[in-house]
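Just so it is clear, none of the values below were taken in a lab; they were calculated from the coordinates. The structure presented is a predicted model; accordingly, all values stated were derived computationally and were not measured. Please note: Cβ atoms are built from the backbone with ideal geometry, for glycine as well, and neighbour counts cover all protein chains shown.
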Amino acid sequence: MSAFWVRIGAILGGLAVTFGAFGAHGLKGTMDPKSLETFETAAKYQMYHALALVAVGLLGLTGRPGPGVNAAGSLFLVGTLLFSGALYALAFGGPRQLGRFAPIGGLFQIAGWLALAGAAGGKSIGETRSEIPSAGNTHDPASD
């Protein structure tokens with residue numbers, strides 16, 4: 001599942017770059033400034049959370065897989081689809097009611113960051129305190 005999050009993050013990141021370039025070059029002069037700003041905000045937050053999804057996947061691939069990692073990935077994905085999706089729709093003149101989904105998506109994204117923090121805590125698989133020497137401490141308690 002961890003590689004899945006890296007792939008999804010990479011796809012969302014690539015789309016965010018595409019949308020950002022489209023907004024900067026293709027939409028200038030065709031949208032009012034407020035709509036263009038809304039579009040740019042959607043692309044920015046999509047990129048932030050695409051990178052977060054890559055981090056989630058890498059965390060899972062480097063020895064901390066589990067429900068916390070998958071919860072963080074799911075929350076980031078749903079949050080990004082709701083938040084950025086609502087803003088993209090509003091930027092293109094979609095119904096104002098779609099704006100109600102942006103704060104819900106934002107809450108999912110915040111929950112994703114909290115889940116990521118929880119998933120990153122603790123020891124990785126097979127890791128014990130004696131396997132990780134502290135800086136400058138080369139004493140091996142097993143040799144006593």
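From the square roots a ≥ b ≥ c of the eigenvalues of the alpha-carbon gyration tensor of the stretch 1-57, which class results: rounded (a/c under 1.5), prolate (a/b over b/c), or oblate? Prolate shape, in that a/c is at least 1.5 and a/b is the bigger ratio.
What is the calculated FRET efficiency for A10 to R100, with r their C-beta to C-beta distance and R₀ = 25 Å, to the nearest 0.05?
0.25
Phi angles across the stretch 69-74 convert, under the Karplus curve 6.51 cos²θ - 1.76 cosθ + 1.60 with θ = phi - 60°, into 3J(HN,Hα) values of 5, 5, 5, 4, x, 4 Hz, Gly and Pro given as x.
Give me R7, R64 sorted ascending by neighbouring Cβ count inside 10 Å, so fewest comes first.
Working: R7 13, R64 20.
Lowest count first: R7, R64.
Site pair H25 and A120 shows an inter-label distance of 3.4 nm when each label is modelled 7 Å from Cα along Cα→Cβ. Based on the alpha-carbon gyration tensor of the stretch 7-113 and its eigenvalue square roots a ≥ b ≥ c, which shape applies: rounded if a/c is under 1.5, prolate if not and a/b is larger than b/c, or oblate? It is oblate, given that a/c is not under 1.5 and a/b is not larger than b/c.
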